[in-house]
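Note sheet for the following structure.
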Amino acid sequence: MGSGRNVAVFGAYGHTGRFVVAELRERGYVPLLLGRDQDKLLALAQAQPGLETRQASVDDPASLDRALDGAAAVVNCAGPFATTAAPLVEAALRAGIPYVDVAAEIEANVDTFTNFAERARAAGTVVLPAMAFYGGLGDLLVTTAMGDWTAADEAHIAYGLSSWHPTAGTLASGTVSGQRRGGRRVRYAGGRLEYHDDALPTLEWPFPAPLGPQSVIGEFTMADVVTVPSHLAIPEVRTYMAAKAAADLSAGDASALTAVDELGRSAQTFVVDVLVRSGGAERRVAATGQDIYAISAPLAVEAVDRILTGRTRTTGVVSAGAVFDAPDFLRALSSHLSVDVPLDTRG
């Protein structure tokens with residue numbers, strides 16, 4: 001078992017990894033800088049003095065075991081997660097420590113739930129995939145919107161991004177997912193994932209003020225279709241993406257990832273608007289913030305902190321809404337997120 005405040009960060013020198021390292025330090029943890037590129041690790045260590053670097057590769061289990069020695073938990077920030085998640089989960093299980101990742105890859109997250117559920121439960125540990133902007137945040141918002149409902153007919157998650165200049169890691173992960181799907185699209189309907197070739201519709205989504213109505217791409221499916229149904233009885237989970245952001249993503253231009261504040265965040269802003277329907281009733285929750293990559297760090301680190309301090313509801317492979325008190329978790333991120341929760345859905 002790990003001890004103390006050491007938290008391993010695999011892919012620590014990546015765009016999201018750097019945010020996670022900074023957030024861990026801010027919260028009083030000691031990040032262990034892990035990755036396969038020794039030169040990048042050393043460069044990061046110069047920018048983060050006093051931190052230990054440990055070179056490791058997912059195709060070398062012994063190197064992962066050495067890298068996790070003395071760690072209390074591991075956060076995997078290195079995509080494509082189709083390649084990295086399983087070896088890191090295996091290493092975490094061998095070390096007897098919790099695993100958290102920031103994977104947005106639908107298929108990789110499905111693999112984690114499918115392949116490690118029994119072993120993680122038997123080990124009494126937490127394996128938490130998709131603890132990031134896509135997957136984790138949407139799941140927390142849907143869980144909060146559900147309130148005392150035990151089931152719902154539909155959940156809709158609309159992403160109002162001002163822009164989306166993807167990282168190289170995002171583009172690489174998207175390529176892997178596309179290859180695994182054979183170029184098809186995916187949606188969650190009738191209580192299961194469906195792969196299809198239908199064209200994606202464009203419609204208008206009524207985002208709350210100050211954003212207001214925006215053109216969105218319907219069935220622009222994100223990791224929420226894995227996390228939400230993993231613990232909530234909702235047979236239809238649909239996600240939507242602002243048309244402008246979808247166009248930015250298609251252009252694949254990472255050059256605009258320019259820091260505009262002392263935290264290193266970009267100027268990108270977002271609104272995540274969640275609508276849950278049950279019969280004739282509707283419940284809605286929305287969250288606003290800045291920089292989808294930067295917000296993944298407090299999400300992941302808050303999760304690590306709650307796991308290590310025993311503020312969890314279950315073990316095994318879990319989603320954020322299943323393992324944590326969702327409204328309380330969102331309140332803990334108030335310095336990073338503004339969340340509008342109607343009175344009838346407050347936890």
Taking segment 178-188 only, how many residues are part of a strand (DSSP E or B) and either open to solvent by 60 Å² or more (accessible area, probe 1.4 Å) or in contact with a Cys (Cβ under 9 Å, 6 or more places away or on another chain) (or both)? 1
State which residue pairs qualify: first residue over 14 Å from TYR99 (Cα atoms) and inside segment 5-26, second residue part of a strand (DSSP E or B) and open to solvent by 10 Å² or more (accessible area, probe 1.4 Å) in any location, beta carbons under 6 Å apart, and separation of 6 or more residues or different chains. ARG5/VAL30
With the condition kept exactly as written, say whether any residue in segment 164-171 is touching a strand residue (DSSP E or B) at 6+ places or on another chain (Cβ under 7 Å), open to solvent by 20 Å² or more (accessible area, probe 1.4 Å) and under 30 Å from ALA267 (Cβ atoms). no
Across segment 77-92, what is the total count of residues that are touching a strand residue (DSSP E or B) at 6+ places or on another chain (Cβ under 6 Å) and within 15 Å of ASP65 (Cβ to Cβ)? 3
Inside segment 202-220, can you point out the residues that are open to solvent by 30 Å² or more (accessible area, probe 1.4 Å), of a type outside the set (Val, Ile, Thr) and modelled with pLDDT of 95 or more? LEU203, GLU204, PRO206, PRO213, GLN214, SER215, PHE220
Can you tell me which residue in segment 120-177 is farthest from ARG277 (Cα to Cα), limited to those that are assigned to a helix (DSSP H, G or I) and aromatic (Phe, Trp, Tyr)? PHE133
Return the residue satisfying two criteria in turn: it lies in segment 214-237 and is touching a strand residue (DSSP E or B) at 6+ places or on another chain (Cβ under 7 Å) and assigned to a loop (DSSP other than H, G, I, E, B), and of such residues it is nearest to ALA172 (Cα to Cα). MET222
Which numbered condition SER250 fails, given (1) more than 16 Å from HIS165 (Cα to Cα); (2) at pLDDT below 95: (1)
Can you pull out every residue in segment 189-201 that is open to solvent by 30 Å² or more (accessible area, probe 1.4 Å), aliphatic (A, V, I, L, M) and within 27 Å of THR114 (Cα to Cα)? LEU193
If you go through segment 189-211 one residue at a time, do you hit one that is assigned to a strand (DSSP E or B) and touching a Leu at 6+ places or on another chain (Cβ under 6 Å)? no
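The values are calculated or read from the model by the stated rules, or taken from the named source; none is laboratory data. These numbers were taken from a predicted model, which means no experiment stands behind them. Because the Cβ atoms are built from the backbone with ideal geometry, glycine has one as well, and the counts that use them run over all protein chains shown. In case anyone asks, the SASA skips ligands and DNA or RNA and just uses the protein heavy atoms, side chains included. Shrake-Rupley method; radii C 1.70, N 1.55, O 1.52, S 1.80 Å.
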